[in-house]
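A.B. asks: Below is a structure I'd like to ask you about.
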Amino acid sequence: MEPEVLQSEPGSPTPQYSGIWAKLANFFRFDQHGTNFRTETLAGFTIFMTMAYILVVNPLILSDAIFLQEPRDLFGEQVFATAISAAIATLVMALIANYPFALAPGMGLNAFFAYSVVLTLGFDWRLALAAVLVEGIIFILLTFTNVRKQIVDAIPMTLKTATSVGIGFFIAYIGLAGDPATGGAGLIAASPVTKTTLGSLGNPNALLALFGIALTTAFLVRRVRGALLWGILATAVLGWILGVSPWPRGIVGAPQFPVDLFGQAFSGLGMVTGSNWIDFLAVLLVFLFVDMFDTVGTLSGVGKRAGFLTETGELPRTNQALLADAVGTTAGAIVGTSTVTTYVESAAGVAEGGRTGFTALVTGILFALAIFLVPLFEAIPAYATTPALVITGVLMMAGAADIRWADPAEAVPAFLTIFFIPLSFSIATGLSLGFIAYPLAKTFQGKAHEVSLATWILAAIFVARFIFMTLRFGSAE
């Protein structure tokens, strides 16, 4: 149903609505952000389309570790758990924080859960879920005690800006470097000589991704509303028509409720013993650290791109935003999935014009509906989302102009952050290195007094984190 639009008042930045639409517009503060239902809805759809891969990829990864008799015998239940945890967290972000950010079980964290914690360390998957559950509860407590907000506020403005730019490179890299074997574009490929190289342009996935980038660029420069979403859909449909990717097996499918997963995290708590509690604590700390700084980095970076940060670099309603991933992680553990975090793909919705929680509301509802529409969304190939991710990366580069490159004490930490986010495939790692370099560079410059005590403390924590990860797990990530 199209909302009824009344005559706009002179100078009003958004249309004037009536009835329930007026109440929704007021609740999400459309006037304050100069937006409307059409823009916010398109942005919500765009975020969902760029994130829909998680509905299949997360269950594929976790099903190698979470099963009853053999790998993937709980795949259908994992799809349900992924969609519901994403929906819950994103709806909390929409209704409590009023930000256009979406959340879902985090990539990287799910692989650590499955392959490091369960398959390598030998944790029972219920015990691993218990660690995620405890992590979520701790995050809720840290949010209410204002600790996580203080961490966000302690990030220097130059690093928040650099994180935004680094995320732009990161999501473009994700889109370009997807494995063709799993539907990715393959425009960037691994090379034993040069580490990475240009992928094969004879690959139809790569050609379709290039077509999508060109088409989306054309939509963008012609100011077509919904350019990123239309680019995704057009590329996917062309791939189906040409037979590069199979047509959807159907539209609607019956969801599989997680009867074998629900509540198993509580059972896992009973598996903590005197012989494994140290390993349990180590795993818990890894989940805590990576999730915290991935979320902090994403909120700061995407918030910077959307213009949400204040002049002092603070993100309004920080605690409300952080509560979303804390609640999502707790709920996700209960229904049977790994840590939930804020997704960098939210930047695609921001690039599309999304500025309020209504964008996240649309995305959250789509995740909830996705439990019935998995056959449709799993048919959208990864190369079809490449154009949206690349163009979003282009738009996020604008923040680079705000970094004071002439000042080495600002430029070096910013560069390290930007450089290592995509190449280490981790927002937390890039932010860590920038954080360590920033107070050191300021000290060398004779301006240690400009560095807050909180920034020094966090830098020390980052150093300790690298040492701990290397000694405990053999790598810094």
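The values are calculated or read from the model by the stated rules, or taken from the named source; none is laboratory data. The model shown is predicted, which means the values in this text are computed figures rather than measured ones. Every residue, glycine among them, receives a Cβ derived from its backbone with ideal geometry; neighbour counts consider all protein chains shown. What goes into the accessible areas is simple: the full protein's heavy atoms, side chains included, and nothing from ligands, DNA or RNA. Shrake-Rupley method; radii C 1.70, N 1.55, O 1.52, S 1.80 Å.
A.B. asks: Averaged over every viewing direction, what's the projected area of the C-alpha convex hull for the stretch 318-477? Give it in nm², one decimal, please.
C.D. replies: Working: hull surface 50.4 nm².
Hull-based average projected area comes out at 12.6 nm².
A.B. asks: Something else about it: Which order do the peptides 268-277, 123-132, 238-247, 407-416 take when ranked by the mean count of other beta-carbon atoms within 10 Å per residue, highest first? Present the calculation step by step, with values, prior to reporting the outcome.
C.D. replies: Working: 268-277: 12.7, 123-132: 24.8, 238-247: 14.8, 407-416: 19.9.
Output ranking for 268-277, 123-132, 238-247, 407-416: 123-132, 407-416, 238-247, 268-277.
A.B. asks: Percent of Cα-Cα pairs more than 34 Å apart in the chain, please. Can you show the working numbers first?
C.D. replies: Numbers: 37159 of 113526 pairs.
So the portion of pairs separated by more than 34 Å is 33 percent.
A.B. asks: How long is the gain from VAL394 to ALA406 if the chain were fully straight, where each residue apart is worth 0.36 nm and the alpha carbon distance is subtracted? Mind showing how you got there, number by number?
C.D. replies: Details: separation 12, 0.36 × 12 = 4.32 nm, distance 2.28 nm.
Here the segment from VAL394 to ALA406 would lengthen by 2.0 nm.
A.B. asks: So, R0 is 45 Å and r is the distance between the beta-carbons of LYS447 and ALA368; what FRET efficiency does that work out to, to 0.05? If you can, show how the numbers build up before the last one.
C.D. replies: Values: r = 50 Å, r/R0 = 1.11.
Taking R0 as 45 Å, the efficiency between LYS447 and ALA368 is 0.35.
A.B. asks: So, one more: Would you mind listing how long the stretch 148-285 runs along its three principal axes, going by Cα atoms, in whole Å with the largest first?
C.D. replies: 60, 48, 41
A.B. asks: Take the Cα atoms of the stretch 63-121, find their three principal axes, and give me the spread along each one in whole Å, biggest first.
C.D. replies: That gives 42, 22, 11 Å along the principal axes, largest extent first.
A.B. asks: Now for a different question. Divide, for the stretch 279-401, the radius of gyration over alpha carbons by 2.2 N^0.38 Å, where N is the residue count. Please report the intermediate quantities before stating the final value.
C.D. replies: On the way: Rg = 16.1 Å, N = 123, 2.2 N^0.38 = 13.7 Å.
Normalised Rg, Cα atoms only: 1.18.
A.B. asks: Moving to a separate point now. Straight distance only, please: which aspartates and glutamates reach the Cα of LYS447 with their own Cα at less than 15 Å, same-chain residues fewer than 8 apart left out?
C.D. replies: Within reach: ASP407, GLU410.
A.B. asks: Next up: Taking a quarter of the surface of the convex hull around the Cα atoms of the stretch 261-336, what do you get in nm²?
C.D. replies: Values: hull surface 25.0 nm².
The Cα convex hull of the stretch 261-336, projected and averaged over all directions, gives 6.3 nm².
A.B. asks: Once the convex hull of the C-alpha atoms of the stretch 244-286 is built, how many Å³ does it hold per residue, rounded to a whole number? Numbers along the way, then the final one.
C.D. replies: Values: hull volume 6.9 nm³, N = 43.
With only Cα atoms used, the stretch 244-286 gives 159 Å³ per residue.
A.B. asks: Quantify, in whole percent, the carbon and sulfur part of the accessible surface of the chain (1.4 Å probe; protein heavy atoms only). Display every interim value, and only then the final one.
C.D. replies: On the way: 12870 of 19200 Å².
Carbon with sulfur: 67 percent of the solvent-accessible area.
A.B. asks: Dipole magnitude of the chain about its Cα centre, charges +1 at Lys/Arg Cβ and -1 at Asp/Glu Cβ only, in debye to the nearest 20?
C.D. replies: Values: 22 positive and 28 negative charges, 142 e Å.
Dipole size: approximately 680 debye.
A.B. asks: While we're looking at this one, here's another question. Once every Cα of the stretch 380-434 carries one equal point scatterer and solvent is ignored, give the base-10 log of I(q)/I(0) from the Debye formula at q = 0.16, 0.19, 0.28 Å⁻¹, two decimals.
C.D. replies: Scattering profile of the stretch 380-434, log10 relative to I(0): -0.60, -0.76, -1.08.
A.B. asks: List the relative contact order of the chain as a percent without decimals, with contacts defined as Cα pairs under 8 Å and 6+ residues apart. Intermediate values should be presented prior to the final figure.
C.D. replies: Details: 919 pairs, mean separation 143.4, N = 477.
Averaging sequence separation for qualifying contacts and normalising by length gives 30 percent for the chain.
A.B. asks: Taking the convex hull of the Cα atoms, report for the stretch 28-86 its projected area averaged over all directions, in nm².
C.D. replies: On the way: hull surface 19.4 nm².
Convex hull of Cα atoms, orientation-averaged projection: 4.9 nm².
A.B. asks: Then there is this: Based on the Cβ-Cβ distance from GLN150 to LYS195, what FRET efficiency comes out when R0 is 51 Å, to the nearest 0.05? Write down the numbers at each step before the final one.
C.D. replies: Working: r = 38 Å, r/R0 = 0.75.
Using R0 = 51 Å, I get an efficiency of 0.85.
A.B. asks: Please compute, over every Cα-Cα pair in the stretch 36-134, the percentage with a separation greater than 19 angstrom.
C.D. replies: Numbers: 2281 of 4851 pairs.
Percent of Cα pairs beyond 19 Å in the stretch 36-134: 47.
A.B. asks: Take each uninterrupted DSSP H stretch in the chain, measure its Cα extent along the helix axis, and return the ones at 24 Å or beyond whose mean Kyte-Doolittle hydropathy is at least -0.5. Show your work: numbers first, answer last.
C.D. replies: Working: long enough: 75-92 (26 Å, 1.46); 125-144 (29 Å, 2.09); 157-176 (29 Å, 1.35); 204-221 (25 Å, 1.87); 277-306 (42 Å, 1.27); 318-335 (26 Å, 0.89); 427-444 (26 Å, 1.20); 453-473 (29 Å, 1.81).
Within the chain the helices that satisfy the rule are 75-92, 125-144, 157-176, 204-221, 277-306, 318-335, 427-444, 453-473.
A.B. asks: Continuing with this model, one more query. Leaving out ligands and nucleic acids, note down the accessible area per residue over the chain with a 1.4 angstrom probe, in whole Å². Provide the component values of the computation, followed by the final result.
C.D. replies: Working: 19200 Å² over 477 residues.
Heavy-atom accessible area per residue stands at 40 Å².
A.B. asks: Can you give the Rg to Rh ratio of the stretch 121-220, both from alpha-carbon atoms, with Rh computed by the Kirkwood formula? Spell out each step's value before the answer.
C.D. replies: Values: Rg = 20.5 Å, Rh = 17.7 Å.
Taking Rh as the inverse mean 1/r over Cα pairs, Rg/Rh reads 1.16.
A.B. asks: Rank LEU458, LEU366, VAL412 by how far each Cα sits towards the positive end of the charge dipole of the stretch 359-477 (+1 on Lys, Arg Cβ; -1 on Asp, Glu Cβ) and give me just the farthest.
C.D. replies: Result: LEU458.
A.B. asks: Taking 8 Å as the Cα distance limit and 6 or more residues as the minimum spacing, I'd like the relative contact order of the stretch 52-115 as a percentage.
C.D. replies: Working: 70 pairs, mean separation 22.8, N = 64.
Value for the stretch 52-115: 36 percent.
A.B. asks: Under a Cβ-only charge scheme (Lys and Arg +1, Asp and Glu -1), can you give me the dipole magnitude of the stretch 398-477 about the Cα centre, in debye to the nearest 20?
C.D. replies: About 220 debye.
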